[in-house]
Amino acid sequence: MSTRGVLRGLHVQRPTAQGKLIRCVVGEVCDILVDVRPESPSFGRWVGVMLSEARAEAIWAPPGLAHGFLTLSERSVLQYKVDSPYVPAEERVLAWDDPAVDIAWPLQRAAPILSDRDRAGEPLSAFNA
């Protein structure tokens with residue numbers, strides 16, 4: 001569960017890549033996917049969609065894409081279905097505000113609410129290695 005203004009992500013698991021089917025079951029979020037696969041022609045590109053309980057839609061995050069979201073409602077709950085186990089030691093975080101990616105987050109305040117882990121995200125250039 002997250003509250004308004006909380007930004008989570010952008011998380012990716014490497015080298016054991018994990019695909020995720022994501023839906024918002026409570027509230028509304030702006031959901032973002034970023035391609036961090038160095039060999040991909042779309043490396044560094046992002047896509048964003050609005051997910052909400054009212055729309056009842058889901059988005060597939062293919063293995064190798066970083067995922068994050070910003071809660072737009074008073075609270076939100078996301079549900080994930082994954083295609084491989086979560087390996088905490090393999091999780092990496094792409095910086096939510098990396099200018100090389102330039103995500104147009106629909107911020108409702110000057111700065112989002114971030115966890116310490118998400119505040120310490122890496123730049124896109126760190127994913128080239």
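The values are calculated or read from the model by the stated rules, or taken from the named source; none is laboratory data. Here the structure is a predicted model, which means the values were calculated and not measured. Note that each Cβ is placed from the backbone with ideal geometry, even for glycine, and that neighbours are counted across all protein chains shown. Side chains are part of the model used for accessible areas, which takes the heavy atoms of the whole protein and leaves out ligands, DNA and RNA. Shrake-Rupley method; radii C 1.70, N 1.55, O 1.52, S 1.80 Å.
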Exercise for the section: Please state the charge dipole magnitude for the chain, taken about the Cα centre, from unit charges on C-beta atoms (+1 on K and R, -1 on D and E), reported in debye and rounded to the nearest 20. Expected result: 200 debye
Exercise for the section: Report in % the part of the accessible area of the chain that belongs to carbon and sulfur, leaving out ligands and nucleic acids; probe 1.4 Å. Expected result: 55 percent
Completion exercise
So residue 21 and residue 82, fully extended at 0.36 nm per residue minus their Cα-Cα distance, gain in nm 21.3 nm
Fill in the blank from the handout: Contact order relative to length for the chain, counting C-alpha pairs under 8 Å separated by 6 or more residues, stands in percent at 38 percent
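Tell me, what is the per residue accessible area of region 25-102 in Å², probe radius 1.4 Å?
51 Å²
Rounded to the nearest 500, what is the 222 nm mean residue ellipticity of the chain from helices alone, with -39500 (n - 2.57) per DSSP H run of 4+ residues and division by all residues?
-500 deg cm²/dmol
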